[in-house]
1. I'm checking my understanding of the structure. Among residues of segment 239-257 that are of a type outside the set (Ser, Thr, Tyr) and out of contact with any Ser or Thr (no Cβ under 8 Å at 6 or more places or on another chain), which one is nearest to the ligand (Cβ to nearest atom)?
2. Looking at segment 173-193, can you tell me whether even one residue there is within 12 Å of the ligand (Cβ to nearest atom) and assigned to a loop (DSSP other than H, G, I, E, B)?
3. Could you identify the single residue in Pro188, Pro165, Pro183 that is closer than 23 Å to Val105 by Cβ and not assigned by TED's automatic domain parsing to the domain that holds Gln316?
4. Do any residues in segment 109-137 that are free of Cβ contacts under 8 Å to residues at least 40 places away in the same chain have Cβ atoms under 9 Å from those of residues that are open to solvent by 10 Å² or more (accessible area, probe 1.4 Å) and in a strand (DSSP E or B), where the two are at least six apart or on different chains, and which pairs are they?
5. Does segment 382-401 hold any residues that are under 27 Å from the mean Cα position of the chain (by Cα) and not in a helix (DSSP H, G or I), and which are they?
6. Mind listing just one residue for me: the one in segment 315-329 that is in contact with a helix residue (DSSP H, G or I) (Cβ under 8 Å, 6 or more places away or on another chain) and closer than 21 Å to Phe220 by Cβ and, of those, surrounded by the fewest Cβ atoms within 10 Å (Cβ to Cβ)?
Amino acid sequence: MNTDERILLCKPRMCGREIDFIREALAGDWAVPLGPDCDAFEHELEVFVNSREQAAADWSDDSDSSDNSDDSDNSDNSDDSDKSEGAEGSEGSESSSMQPFGRRVASLISGTAAVHLALIACGVGPGDEVIVQSFTFCASSHPVSYLGATPVFVDSEPLTWNMDPGLLEEAINDRIARTGRKPKAIIPVALYGMPYRIDRIMEVADRHGIPVIEDAAEGFGSRFRGQALGTFGRFGVLSFNGNKMITTSGGGALICPDDATRRRIMWYATQARESYPYYQHEAVGYNYRMSNICACIGRGQMTVLDDHIAHHRHIQALYRELLADIDGITLHEAPGPDYDSNYWLCTVTLDPGLRIRGEERTYREVITGAVGGAAGVTHAAQSAHTDLEPNRNVEALRLHLNDAGIESRPLWKPMHRQPVYRHAPAYVNGVSESLFRTGLCLPAGPHVTDAHVSRIVAQIRSAII
Ligand SMILES: *Cc1c(COP(=O)(O)O)cnc(C)c1O
């Protein structure tokens, strides 16, 4: 093992097939933002998301899932499964596990673009409100602002770390009482791949008649009761950015309820052109379609998607085993067999009382880089502190691992504590703030080996006083 090699949080890995698809596309002059590889990639995504799978095997010996007691009914095929009946064709019916969800997929330039177009399709406009999980990456909420609408942030519940259904209900009722209008959409987020409590979220959303846009950008391959995330709500967002479960270098997709909706999304993604021999526009459109060359990368990646998911789960299992006897560090795990996480990133929380070497040197100087490989395109920080930051032991562990050539990262800072959203309404319970103070993401992904995990855990051990 080369111990000089830096272990990164989540780095893309090519399988070799990507270049074959690209070569073929270039030979056919298909270097355009549409084409046969986009079509094929979308079809492969449809087969994947429309399929049903058994729950994760590692729960078979542990049926004690305490959180399921309140799930009165199995709200299996969500409300809008009926809408899928009109979906044309049953491509993919060759797969016996194919269920008649009939979801259609539109490939786009990014997951952010997918959120944006889903909001437009839900009729979101200036002055509207959209409920967004606060504990998320900014791409869930920024498109709400693009549209002149206001995000209303809802905090998480402690088991999945995702949107708290009870707080969601409270937020909806309070918004209606205060504004006289219903929020236009609800965006739960599968943070770090963990499924949200979608049965209860759909129940609340349906009761109020509000569409759900599932942000499954980090949860591609995760399932709830065997059904792929992104297929429960009206829309589902996927991301193929460089650090996600699979990559197209940059890209995303929108899972749509039926073919007519997909066509409308594609119309918006293609500058909203009317059918005339010249350019005629009755609406404002966007240039959001995925390049056929990016789709080639995606097609190559689809051949290893199952391997990637299995590998992320394997790395999670290794952390589980190796971290088990370390007091004060808790691995974030699925709360029950219904929640089949892809474990996109493995995350831990640190007891505030855990002492880590070097805590006294934390937050001494202004950071010059930035998270997420964005160094050089970020603003320079004004100070070493903000009004909400990870505890000193978390930052000390991050620095310790960094010195050992291991990249780690604090959990995502809740949107309701971001200065840019200081005026946005928020319904909070302290969960996401507490997680942000105590949590750390550890390396996962196709480049992380068993030896790496041993090395990471050994470094964690040596950092503890
Ligand atoms: C990555 C991500 C997105 C979309 O990201 P793109 O980089 O635009 O593809 C959306 N939501 C969450 C939670 C994400 O992590």
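The values are calculated or read from the model by the stated rules, or taken from the named source; none is laboratory data. Since the structure is predicted, the reported quantities are computational estimates derived from the model, not experimental observations. Here the Cβ positions follow ideal geometry from the backbone for every residue, glycine too, while neighbour counts run over all protein chains shown. Remember, those area values only see protein heavy atoms, side chains included, never the ligands or the DNA or RNA. Shrake-Rupley method; radii C 1.70, N 1.55, O 1.52, S 1.80 Å.
1. If we take residues in segment 239-257 being of a type outside the set (Ser, Thr, Tyr) and out of contact with any Ser or Thr (no Cβ under 8 Å at 6 or more places or on another chain), then Lys244 is nearest to the ligand (Cβ to nearest atom).
2. Within segment 173-193 (the criterion being within 12 Å of the ligand (Cβ to nearest atom) and assigned to a loop (DSSP other than H, G, I, E, B)), the answer is yes, since at least one residue qualifies.
3. Going through Pro188, Pro165, Pro183 in turn, the sole match is Pro188.
4. Gly127/Thr150
5. Passing the criteria: Thr386, Asp387, Leu388, Glu389, Pro390, Asn391.
6. Checked segment 315-329; the qualifying residue surrounded by the fewest Cβ atoms within 10 Å (Cβ to Cβ) is Ala317.
Residues are listed down the side, and each one gets a yes or a no for (1) in contact (Cβ under 8 Å) with a residue 24 or more places away in the chain; (2) in the same structural domain as Ile356 (by TED's automatic domain parsing); (3) closer than 30 Å to Leu435 by Cα:
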| site | (1), (2), (3) |
| --- | --- |
| Tyr278 | no, no, no |
| Gly285 | no, no, no |
| Met290 | yes, no, no |
| Ala295 | yes, no, no |
| His308 | yes, yes, yes |
| Leu323 | yes, yes, yes |
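Yes or no, residue by residue, for (1) open to solvent by 10 Å² or more (accessible area, probe 1.4 Å); (2) in contact with a Phe, Trp or Tyr (Cβ under 7 Å, 6 or more places away or on another chain); (3) farther than 19 Å from Thr136 by Cα:
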position	(1), (2), (3)
Met163	no, yes, no
Leu168	no, no, no
Ala171	no, yes, no
Thr179	yes, no, yes
Ile186	no, no, no
Leu191	no, yes, no
Pro195	no, yes, no
Arg200	yes, no, yes
